[in-house]
Amino acid sequence: MDTLKSAIRKRRSVRTFKKRPFAEKDRRELDQLMDKASSIEGPFGHKVHTIAFVEQSDKKAERIGTYGFIKHAPGFIAGVTTNTHEHLLDYGYVFEMLTLWLTERNYGTVWLGGTFKRSRFKKLLSNDDDFIPAVLGVGYAHEKHSLRDTVIRKAARADDRKPFDTLFFEFPSMQGIDRRDHPKLAKVLDMVRAAPSASNRQPWRIFLQKNTLHVYMKYDEKYNEKLSYDIQYIDMGIALSHLEIGLKTHDFTFRRESKAPSMSEPSYTYIISYKVKRHKH
Ligand SMILES: Cc1cc2nc3c(=O)[nH]c(=O)nc-3n(C[C@H](O)[C@H](O)[C@H](O)COP(=O)(O)O)c2cc1C
């Protein structure tokens, strides 16, 4: 768990890769990690099936990342799920675990949710309701961030996150959590705060009620509409993986439950609650 904690700290979206294919032994390692990812379930009990690596050449016609934002990625990892909210959540969770395992091993990754060529992944689909919501660019990160990365990072405000006390609240007072009141839990929530999200929108909101964390999503209808599926559920699944890793690293045990408190904020959608307990050494 501690290495996953440092992977969370280390991970950044990589958009410029070294211009070289995977070494054979690294391809094998990739296969092992993809197998491992197919074996785990998200918090709502769904696995991702048919996780596969699709190579791309640098030829323009074959590029997977569109608009040329992603440079020289040797390939992309895709998985197959169904387009329901719970499946999207679990896809986010499983693929973020995979991202962190790849980060631990020093591969560069980038999530692509909207801007990728779906036709290149058609061969992975076999049923009518099979759906690939997002893919992961993967490769060897270029040491120096190119100017292009810097510009995109600025545009996406990638380096900043919303202030802690505008994401995490006490319930029912709705006051932002004061980290001094909950120093250990604040460290866990910092790990949620570091999670990647589509356009860096950070839709997660967490409410602490005694020893329970209620997780909500600040849903943006216009944004999701634009993308033809509810991408913010992927973001929420990603956030849940960071939350669970955070709880485990900081000696909390937890139980997931579905017990929404009564909340009068219409733009917040309830996702799940975690009843937590801290085990001091
Ligand atoms: C579901 C999802 C979809 C994303 N889609 C794209 C994309 O299409 N193109 C892109 O350049 N970055 C994409 N990103 C990366 C985000 O812009 C990035 O995670 C965010 O700005 C935070 O930066 P960081 O990952 O460096 O911490 C996506 C991220 C997520 C979680």
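No value in this document is a laboratory result; all are computed from the given coordinates. A quick note: this is a predicted structure, and the numbers were derived from the prediction, not measured. Here the Cβ positions follow ideal geometry from the backbone for every residue, glycine too, while neighbour counts run over all protein chains shown.
For this structure, a couple of remarks:
- Peptides 259-268, 178-187, ordered by how many other C-beta atoms sit within 10 Å of their residues on average, highest first, read 178-187, 259-268.
- With the convex hull drawn around the C-alpha atoms of the chain, the volume per residue stands at 138 Å³.
- Taken as Cα centroids, segment 167-242 and segment 3-60 sit 24 Å apart, rounded to the nearest whole angstrom.
- Extending 7 Å from the Cα toward the beta-carbon at both Thr84 and Lys184 defines two label points whose distance is 3.7 nm.
- Fraction of beta bridges assigned by DSSP in segment 164-278 that are antiparallel (%, nearest 5): 85
- Estimated 222 nm signal from helices in the chain, with DSSP H stretches of n ≥ 4 weighted -39500 (n - 2.57), rounded to 500: -10500 deg cm²/dmol
- Estimated FRET transfer efficiency when R0 is 35 angstrom, pair Lys218-Asp31 (beta carbons, to 0.05): 0.40
- Each eigenvalue of the Cα gyration tensor of segment 2-151, multiplied by 5 and square-rooted, gives one semi-axis; in descending order these are 23, 19, 14 Å.
- Here the calculated FRET efficiency for Glu225 and Ile40, from their Cβ-Cβ distance with R0 = 35 Å, stands at 0.70, rounded to the nearest 0.05.
- Longest DSSP-loop-exposure-free segment, GluC sites (Glu not before Pro), the chain, at most 12 other Cβ within 10 Å: 144-281
- Take every Cα pair under 8 Å whose residues are at least 6 apart in sequence, average their separation, divide by the length of the chain, and the relative contact order is 20 percent.
- Here the contact order of segment 2-151, divided by its residue count and restricted to Cα pairs under 8 Å and six or more residues apart, works out to 34 percent.
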